[in-house]
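First up is the structure itself, then whatever we jot down about it.
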């Protein structure tokens, strides 16, 4: 694995002016939510990725990511990992002749900020090709477990900087499941957030359902943008850990845990109904640990009473929690991915993995 910072990227790997390239960027598939802006896409959600196809022996990539870790792949092979690179204008001119798929993917979580993707460009003599998105689509909605919070860390005790640097959403259970099925995916997850209550009661006016419609987690205004091509066959939700993992504090709006659990169930049912109205073709998988699985079962029963068979539940446990702050490790992510895959296989939504 090659890891480069801002100065090295510019000095050694970005002699863009030395190579002619096609003036317009190649058509790009955006995996995840992003805001279309002049000259690119403003992104912030975990796990976002950008893919294009080119024919030729070289490609140029341009993007900005002041605080993120980003990975560049060509034909599925990692070429560069950028660590807080800032502005990047990078040219790879040593590709074998022929067609290539180039991909830039976001590894870290940015609850504010994010980056801007400007595009992939075929070098002079090359050709930008159309890219056909995969037919299978799957969405993951959740919290830090879905983000992959500190999942590559070998220890539990982590500073905020280490948490950031060791988070790799692309190795969390969601992308693992999507890659198993050859599916496009979206990760709409935010560490510390729950359905009605966030970790230790912070940010009481916000929650995952509140920020879910946003094209960036920190951008409340949602620009009008065509999203009709996103029709996932499966939506996997894992929310509840933050609602119940810390005791209620004085002044919070629930009188006791029983009231909190009732509010959680009521809002969760409404959230699934909202999602189902927008994505009527989707099957829903609601995940839960021992701490809130009984609530999840009640939520599923309530949804299925109105829409039979729309929702199934999936209990998880037996994790080593060896990553930052006791979060799931890479080994746990692999276990969770296998658990989810087995469950999806049982739904009969898809046949064999692509």
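Compute the FRET efficiency between residue 226 and residue 318 as 1/(1 + (r/R0)^6), taking r as their Cβ-Cβ distance and R0 = 41 Å, and round to the nearest 0.05.
Working: r = 42 Å, r/R0 = 1.03.
The pair residue 226/residue 318 has a calculated efficiency of 0.45.
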GNM of the chain, Cα pairs under 10 angstrom: of 217, 250, 280, the biggest fluctuation goes to 250
GNM on the chain, Cα springs under 10 Å; top mean-square fluctuation among 301, 135, 337 goes to 135
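Expected output is a single nm value to one decimal: the length gained when fully extending between residue 342 and residue 219, i.e. 0.36 nm times separation in residues minus the C-alpha distance. What is it? Walk me through the numbers before you get to the answer.
Values: separation 123, 0.36 × 123 = 44.28 nm, distance 3.59 nm.
My answer for the length gained is 40.7 nm.
So what is the calculated 222 nm ellipticity per residue for the chain, using -39500 (n - 2.57) for each DSSP H run with n of 4 or more, over all residues, to the nearest 500 deg cm²/dmol? Walk me through the numbers on the way to the answer.
Values: 9 runs with 90 residues, N = 354.
Result for the chain: -7500 deg cm²/dmol, rounded to the nearest 500.
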Taking the alpha-carbon centre of each part, the distance from the range 225-292 to the range 300-345 in Å is 14 Å
Expected unfolding gain across residue 96-residue 161 under the 0.36 nm per residue rule, minus the alpha-carbon gap, is 19.6 nm
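What list do you get for 237, 344 if you sort them by fewest beta carbons within 10 Å? Mind dumping the intermediate values first?
Numbers: 237 27, 344 23.
The most exposed by this proxy come first: 344, 237.
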Honestly the range 89-137 on the Cα gyration tensor test (a ≥ b ≥ c root eigenvalues; a/c under 1.5 rounded, otherwise a/b vs b/c for prolate or oblate) is just oblate
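Label the range 137-347 by shape, choosing from rounded, prolate and oblate, from the square roots a ≥ b ≥ c of the eigenvalues of the Cα gyration tensor; if a/c is under 1.5 it is rounded, and otherwise prolate applies when a/b is larger than b/c, oblate when it is not. Walk me through the numbers before you get to the answer.
Values: a/c = 1.29, a/b = 1.05, b/c = 1.23.
Because its axes are fairly even, with a/c under 1.5, the range 137-347 counts as rounded.
Can you pull a Stokes-Einstein diffusion coefficient for the range 52-162 at 20 °C (1.002 mPa s), Rh from Kirkwood over Cα pairs, as a whole number of µm²/s?
Rounded to a whole number, D works out at 135 µm²/s.
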Inter-part gap, Cα centre of the range 123-141 to Cα centre of the range 142-172, in whole angstrom, is 28 Å
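At 0.36 nm per residue, and after removing the present C-alpha to C-alpha distance, how many nm does the segment from residue 297 to residue 87 gain when stretched out fully?
Roughly 70.9 nm would be gained on extension.
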Here the tail fraction of P(r) beyond 32 Å, over all Cα-Cα pairs of the chain, rounds in percent to 32 percent
Note on the range 59-119: alpha-carbon gyration tensor, axes a ≥ b ≥ c; rule is a/c under 1.5 for rounded, else prolate if a/b larger than b/c, else oblate; result prolate
The alpha-carbon center of the range 70-101 and that of the range 48-68 are separated, in whole Å, by 6 Å
Taking r as the C-beta separation of residue 55 and residue 200 and R0 as 56 Å, the FRET efficiency to the nearest 0.05 is 0.60
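Read-outs throughout are calculated quantities, based only on the coordinates presented, and are distinct from any laboratory measurement. Only a predicted model underlies this, so the values are computations on that prediction, with no experimental measurement involved. Reconstructed Cβ throughout: ideal geometry from the backbone, glycine too, with neighbour counts over all protein chains shown.
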